[in-house]
Amino acid sequence: MIKKKTGVLLSGGGSNLQALIDACTQPEYPAEIAVVISNTESAYGLNRAREHDIPAHIISHKDYATRPAFDDAMQDMLERHNVEIICLAGFMRLLTPEFVARWRDRLLNIHPSLLPAFKGVHAHAEVLASGVRFSGCTVHFVRPEMDAGPIILQAAVPVLPGDTQETLAARVLEQEHLCYPLALRWLAEGNLAVKEEKVTVKNGRFLSGGMINPA
Ligand code: GRF
């Protein structure tokens, strides 16, 4: 089987990277991680990649005067590894519209809320402050605006009395680790179509446990 070469961009711990690495060890999984790029030197995700002999590179935004120059450096690295699909996995930089356009419908992000609600970096705090009874995660195609783009799948979890940002984040992360490998599988298999900014999934396989609704 020819596996789709996937690049993962991250800035932190990389538990979602780990979920993707684990999925890629299955022989019939249609993608492989070709390269991991972090914009921060201290990102633990780099170690996860190295432990699995995946090329791991630091491209620090601080080394580039402009956003386009930083994005071009990442583009070069992605091309060097023949990347066909990009997964953002806790990548804390906004990408230029040009970069996003170049990777249109081949660039995924995961966000720890039920988008379009609670965009941004304080999702869990805002969920708790709002009093909503459910939160969750969303995998979506990236568009230039932050945490925006056609939704591929979502999983919902309850917000429980006494939840802290940490307990809620842990409950959501469990679902992230199921959703991201599934979304990447669908994309790599060619089973996702985007029409009028809505996604349909051919041959979608449902998971039990969370409330996952692919289409
Ligand atoms: C996840 O909650 C993801 O949804 C968000 O950033 C976090 C990254 O976590 N975009 P990890 O580094 O994958 O553990």
Matching residues in the stretch 192-214 - criterion: being modelled with pLDDT under 95, open to solvent by less than 90 Å² (accessible area, probe 1.4 Å) and not in a strand (DSSP E or B): 204, 207, 209, 210, 214
Residue in the stretch 1-33 that is nearest to the ligand (Cβ to nearest atom), counting only those that are open to solvent by 10 Å² or more (accessible area, probe 1.4 Å) and in contact with a Ser or Thr (Cβ under 6 Å, 6 or more places away or on another chain): 11
Being at pLDDT below 95 and not in a loop (DSSP other than H, G, I, E, B) narrows 172, 157 down to just 157
Search the stretch 1-23 for residues that are outside the structural domain of residue 83 (by TED's automatic domain parsing) and pair each with any residue that is within 9 Å of the ligand (Cβ to nearest atom) when their beta-carbon atoms are under 9 Å apart and the residues are at least 6 apart or on different chains. none
What's the number of the condition residue 84 fails, among (1) over 29 Å from residue 191 (Cβ atoms); (2) buried (at least 16 other Cβ atoms within 10 Å of the Cβ); (3) of a type in the set (D, E, K, R)? (1)
Taking the condition of a type in the set (Asp, Glu), away from the ligand (no atom under 11 Å from the Cβ), more than 18 Å from residue 103 (Cβ to Cβ) and surrounded by fewer than 18 Cβ atoms within 10 Å (Cβ to Cβ), does residue 63 pass? yes
Quick count over the stretch 119-146, residues being closer than 25 Å to residue 171 by Cα, open to solvent by less than 50 Å² (accessible area, probe 1.4 Å) and touching a helix residue (DSSP H, G or I) at 6+ places or on another chain (Cβ under 7 Å), is 8
Can you name every residue in the stretch 41-52 that is away from the ligand (no atom under 11 Å from the Cβ) and open to solvent by 10 Å² or more (accessible area, probe 1.4 Å)? 41, 42, 47, 50, 51, 52
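Pick out the one residue from 97, 116, 112 that is within 16 Å of the ligand (Cβ to nearest atom) and open to solvent by 70 Å² or more (accessible area, probe 1.4 Å). Spell out the reasoning first.
Details: 97 fails: within 16 Å of the ligand (Cβ to nearest atom); 112 fails: open to solvent by 70 Å² or more (accessible area, probe 1.4 Å).
Residue meeting the stated conditions: 116.
Please pick out the residue among 149, 136, 131 that is at pLDDT 95 or above, farther than 16 Å from residue 11 by Cβ, away from the ligand (no atom under 16 Å from the Cβ) and not assigned by TED's automatic domain parsing to the domain that holds residue 45.
From the options 149, 136, 131, the qualifying one is 131.
The values are calculated or read from the model by the stated rules, or taken from the named source; none is laboratory data. Fair warning: this is a prediction, and the values are worked out from it, not measured in the lab. Note: ideal-geometry Cβ built from the backbone for every residue, glycine included; neighbour counts use all protein chains shown. Keep in mind that these areas ignore ligands, DNA and RNA; they rest on the heavy atoms of the full protein, side chains included. Shrake-Rupley method; radii C 1.70, N 1.55, O 1.52, S 1.80 Å.
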